[in-house]
Every structure is written in C-alpha cells, then in structure tokens.
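The next block holds one structure in the form of structure tokens; read it before the comments.
The values are calculated or read from the model by the stated rules, or taken from the named source; none is laboratory data. Being a predicted model, the structure only gives us computed values, none of them experimental. Here Cβ is always computed from backbone atoms with ideal geometry, including for glycine, and neighbour counts include all displayed protein chains. Ligands, DNA and RNA are stripped out before the accessible areas are found, and what is left, the full protein with its side chains, is counted by its heavy atoms. Shrake-Rupley method; radii C 1.70, N 1.55, O 1.52, S 1.80 Å.
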Amino acid sequence: MTNNGNIQTLIAERAAKELTERSIVNLGIGIPTLVAKYIDSDLVQFHTENGLLGVTDIDEEHIDPNLVNAGKLPVGQAMGASFFNSADSFGMIRGGHVDVAILGVLQVDAQGRIANWAVPGKNIIGVGGAMDLLVGAKKVIVTTTHTSKDGKSKLLQECTYPITSTRSVDIIITELAVFHVKNKTLHLVELMPGVTLEQVTQHTEATFVNDLEGSFVS
C-alpha cells in the first residue's frame, strides 16, 4: 500500500474497532480525526479538549467557522451535545472521565512511551492536550504510519524526541500491524491484510514479543 490516503483510512478503520458503546473518546490531530467516520453508533461520544462533547462530521456546505475542534478543523455537534470552557474540558480529562484517547505520534519507544509534542530544533506551536490525555484517559490508542516520510521506523528502541509522558500507551495501530503494550513491552498481536512478519520486523527498530508465534524479536 503506497497511497497515503489509503494508509490513513486503513489505520483509522482498524482503530474504530477498538471503541465500544457508551464511551467518551478524544480524537487527536491527524489520523485520529478520521476514526469517527467508521463509528455508526451514537452511543460513542466524541470529545475535543477545546470544549465540546458530542463532536460529529459536518457537511462542507454548512460549515460554521466558529465551531472547530482542537486541531482547528470544522466540526458539527450531535443532538444533545454539550459546550463548556477549556478549563472544564481539561477537568474532564484530568478527572478520568475520558474513556479512550486516540493520538497521533512522531515516535514510540520499546516501552510504549510516545513522543508527539516537540521536534528538537523546530518551533513549538503549543503543547496541546496530549500530556493530560496520557495521564487522564483510561485507555490510550496510537494511530500512526509505521515509518516516517524518509522511511525510518517510528517504533524505536528509545525515542530521540522528547517524550510526552512516562505512561505507556495501550495499543499501537499502523498500516503494518497492531501491537498491545503489556508490562512496558510491545506485543505483536495482529498483521494488517497482506503484510508479512518479515515486513514488520524490517521496519520496526523496537524489540517486541511476537504473540502470533510466541517468540521474541529484537
């Protein structure tokens, strides 16, 4: 698969399968925003940290420029949606009222810790809510391409960018594979359609346990 749009769709659609009804879900910038397209149930409530619970897609012909998510993208509101200020929104996050956070990343290390807020030598626009979500969300799912634009693995033994939190994420989903993080160790639990173990191993710098065969890969 070489088309970036297809890759993002594949990852987002797979991530949607991890969501259950009666969940409050925060979607990060990038691939995570696509996940909502693959949820049919109105019992999954989407949250954005700038102050809206009940985020939905919107028809491009009816965009309200004043109604945006944390990534400044236009959104709609579901029936029964709630608006609140940013302080209350972060109170929800820090208080453990967000069930799932789906985040994009720059890097992930072998312990499942992520780097997604700063690149050394480049300007930092803003920290955003990732640090709070990693601490406050009950479950954290990462959606990311397996490699960077220059072909280097994003799943590293150690992050070279500043980590966002010492908390390990729970699930990592790429266009190649799905990993669960258990006891600060990556476990390969699923290969994406048409992908081989050799491809995953070739593009993964981090060590991981291959639960498909019960072996350790380094």
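Beta bridges per DSSP, both residues in the chain: antiparallel share near 55 percent. Please check: in the Gaussian network model of the chain (C-alpha springs, under 10 Å), which one of Gln199, Gln107, Gln157 has the largest mean-square fluctuation. Maximum among the listed residues: Gln199.
Beta bridges per DSSP, both residues in segment 7-136: antiparallel share near 55 percent. The charge dipole of segment 83-156, taken about its Cα centre with unit charges on the Cβ atoms of Lys, Arg (+1), Asp and Glu (-1) only, comes to about 220 debye. Please go through segment 3-49 and write out the trypsin sites (Lys or Arg not before Pro) that DSSP classes as loop and that have at most 13 other C-beta atoms within 10 Å. Sparse-neighbourhood loop trypsin sites (Lys or Arg not before Pro): Lys17, Arg22.
For GluC sites (Glu not before Pro), the sites in segment 126-218 that DSSP calls loop and that have at most 13 other Cβ atoms within 10 Å are Glu158, Glu213. For the chain, the longest principal axis of the alpha carbon atoms and the long axis of helix 4-16 meet at an angle near 80°. Among Gly96, Gly80, Thr20, pick out the residue whose Cα is farthest towards the positive end of the charge dipole of the chain, where Lys and Arg carry +1 and Asp and Glu carry -1 on C-beta, about the Cα centre. The residue sitting farthest along the positive end of the dipole is Gly96.
With helices as the sole contributors, the chain gives -4500 deg cm²/dmol at 222 nm; each DSSP H run of n ≥ 4 counts as -39500 (n - 2.57), and the sum is divided by every residue. Listed values (i) 34; (ii) 44; (iii) 38 include one computed from this model; for percent of Cα pairs over 26 Å apart that value carries the label (i). Split the accessible area of the chain by element, probe 1.4 Å, and carbon with sulfur accounts for 50%.
If both residues of a DSSP beta bridge must be in segment 90-206, then about 60% of such bridges are antiparallel. Sparse packing (at most 13 other Cβ atoms within 10 Å of the Cβ) combined with a DSSP loop state is found for the following chymotrypsin sites (Phe, Trp or Tyr not before Pro) in segment 74-162: Phe84.
This model, with +1 at the C-beta of Lys and Arg and -1 at the C-beta of Asp and Glu, gives the chain a dipole about its Cα centre of some 680 debye. Using the 1.4 Å probe convention, the accessible area of the chain works out to 52 Å² per residue with neighbouring protein chains retained.
Dipole of the chain computed with +1 at Lys/Arg Cβ and -1 at Asp/Glu Cβ about the Cα centre; of Val55, Asn4, His146, farthest Cα towards the positive end is His146.
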